[in-house]
Amino acid sequence: MLKLIRLEEIPSTNAALKAMPHAEHGTVLLAKRQTAGRGRLGRSFASPDGGLYLSLLLCRKESPEQLLHLTPMVAVAVRRAIFDACGLWTDIKWINDLQVQGKKVCGILTELDGMGRIIVGIGINCHTTEFPAELKDIAASLHEFVPVDEDALLQALLLRLEELDDALIPQKAVWMAEYAAACITVGREVELVRGDSRRPAFAEAVDENGALLVRFPDGTRDAIFMGEAQIKVRIAKGIPFNFEGESI
Ligand code: BTN
């Protein structure tokens with residue numbers, strides 16, 4: 001059973017939950033807005049009124065290495081919840097963005113607190129209208145595509161997160177198959193961005209833990225893990241090279 005704590009405004013639900021050492025497994029912090037929402041790779045996450053911003057605390061017995069698939073499974077849980085409440089299937093852009101028509105409607109940030117606790121942060125743009133200028137072309141809000149009842153979406157999300165906690169080990173294969181099927185990065189040309197360097201590759205598949213399996217123009221292959229510092233995967237525009245092997 002999840003325990004929901006509702007807040008009006010807070011800097012970051014992830015940071016707040018981390019600072020609650022006695023919070024129990026299943027505690028959920030929900031805020032109407034965040035003033036310092038955190039995103040992946042040290043970025044911020046715009047969190048004005050109109051979104052659902054929540055963090056779930058998981059205190060699991062498994063090691064982080066046994067839970068590499070957690071973040072992809074959270075994406076599946078949120079995607080299912082959006083379908084349950086809004087009747088809309090979202091796409092997953094590796095590793096954990098949910099998109100509609102190529103625009104991000106949800107971000108997920110999973111953090112460890114150094115004491116073996118996991119904080120799963122989820123931000124869903126429901127009725128958001130004030131995106132910062134730099135996000136206007138890449139972010140969207142669910143209400144642009146379907147009517148959204150935020151309370152219904154919250155209830156669906158809590159149910160799906162509870163389901164996720166039970167399914168994390170026994171249902172891993174089924175959930176990860178759903179992840180792979182919904183991941184629009186697979187089968188696309190991508191750019192691996194690390195600092196100023198950009199490396200083209202072809203995304204062939206995701207493995208059972210959610211690593212992105214890529215092939216480079218010289219035919220070599222690699223597995224990209226979510227935790228790899230500062231690697232961003234962008235879906236490439238245009239055709240940078242010939243994936244039969246030769247650079248063009
Ligand atoms: C990303 O897309 O980079 C991840 C965004 C995660 C945002 C959520 S909103 C609730 C929770 N609290 C935070 O500060 N961040 C996460």
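The values are calculated or read from the model by the stated rules, or taken from the named source; none is laboratory data. Given the structure is predicted, the values throughout are model-derived calculations rather than measurements. Quick reminder, even Gly has a Cβ in these numbers, built from the backbone with ideal geometry, and neighbours come from all protein chains shown. Just the protein is used for accessible areas: all its heavy atoms, side chains included, with ligands, DNA and RNA removed. Shrake-Rupley method; radii C 1.70, N 1.55, O 1.52, S 1.80 Å.
Remarks
- Within segment 181-195, being in a loop (DSSP other than H, G, I, E, B), over 16 Å from M226 (Cβ atoms) and at pLDDT 90 or above holds for I184, G187, R188.
- Flag for Q101 being surrounded by fewer than 18 Cβ atoms within 10 Å (Cβ to Cβ), farther than 25 Å from F145 by Cβ and more than 12 Å from the ligand (Cβ to nearest atom): no
- If you go through segment 20-45 and keep only what is in a loop (DSSP other than H, G, I, E, B) and either at pLDDT 95 or above or out of contact with any Asp or Glu (no Cβ under 9 Å at 6 or more places or on another chain) (or both), you end up with M20, H22, A23, E24, H25, G26, T35, A36, G37, G39, R43, F45.
Residues checked against (1) free of Cβ contacts under 8 Å to residues at least 24 places away in the same chain; (2) out of contact with any Phe, Trp or Tyr (no Cβ under 6 Å at 6 or more places or on another chain); (3) under 23 Å from D49 (Cα atoms); (4) part of a helix (DSSP H, G or I):
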| residue | (1), (2), (3), (4) |
| --- | --- |
| K104 | no, yes, yes, no |
| M115 | no, yes, no, no |
| L154 | no, yes, yes, yes |
| E163 | no, yes, no, yes |
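- With respect to (1) open to solvent by less than 50 Å² (accessible area, probe 1.4 Å); (2) within 8 Å of the ligand (Cβ to nearest atom), the lone exception for G50 is condition (2).
- Which numbered condition L4 fails, given (1) in a strand (DSSP E or B); (2) within 10 Å of the ligand (Cβ to nearest atom); (3) not aromatic (F, W, Y): (2)
- Residue, nearest to the ligand (Cβ to nearest atom), within segment 112-132, restricted to residues that are of a type outside the set (V, I, T) and exposed (fewer than 12 other Cβ atoms within 10 Å of the Cβ): P132
- Among (1) open to solvent by less than 60 Å² (accessible area, probe 1.4 Å); (2) within 16 Å of the ligand (Cβ to nearest atom); (3) modelled with pLDDT of 95 or more, the one test that A167 misses: (2)
- Being within 14 Å of the ligand (Cβ to nearest atom) and on the phi > 0 side of the Ramachandran plot is true of G42.
- Every residue from segment 9-37 that is open to solvent by 70 Å² or more (accessible area, probe 1.4 Å) and either free of Cβ contacts under 8 Å to residues at least 60 places away in the same chain or in contact with a Cys (Cβ under 8 Å, 6 or more places away or on another chain) (or both): E9, P11, A19, H22, E24, H25, K32, T35
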